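**Student:** The structure under discussion is supplied below as structure tokens; questions concerning it will follow.
Where a number appears in this text, it was derived from the coordinates with a stated rule and is not lab data. The shown structure was predicted, so the numbers you read here are calculated from the model rather than taken from an experiment. Cβ atoms come from the backbone with ideal geometry, glycine included; neighbour counts cover every protein chain shown.
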Amino acid sequence: MFSSSGTRYSVFQGYVPNGTAIDVSAQVLSKLFCASSCSKTENCISAYYNTANLTCSLFDSLAFQQGDAENDIAVVNSIAIPENLKTKYFGT
């Protein structure tokens, strides 16, 4: 878990969102910058950061599936996902 702009995020390695992104940015340097973009975007509750191509996609949903364990990172606004749902969605 980490914080950006006063918002706490949970990080889930190896997951990608299902659905249509509300915004996509290229050449984002880190998951922290990606999470920061989410905290500044209305209705954003999760972000997807791909370390291989440095893209950041913002989402207004919590639908996820397993992805590449090395390159895929899901970043979720902690207020949007209660502890009991973390196990359901991410098995953690």
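**Student:** Listed highest first by mean packing, meaning other Cβ atoms within 10 Å per residue, what order do 10-19, 63-72 come in? Can you show the working numbers first?
**Tutor:** Values: 10-19: 17.3, 63-72: 14.0.
For the peptides 10-19, 63-72, the packing ranking is 10-19, 63-72.
**Student:** Can you pull the semi-axes for the stretch 2-82, root of five times each eigenvalue of the Cα gyration tensor, sorted largest first, whole Å? Numbers along the way, then the final one.
**Tutor:** Working: eigenvalues 52, 38, 29 Å².
So the equivalent ellipsoid measures 16, 14, 12 Å along its semi-axes.
**Student:** While we're looking at this one, here's another question. How much net charge surrounds Gly14 when only the other residues with a Cβ under 12 Å from the Cβ of Gly14 are counted, with Lys and Arg +1 and Asp and Glu -1?
**Tutor:** On the way: positive: none; negative: Asp68, Glu70, Asp72.
Here the count lands on -3.
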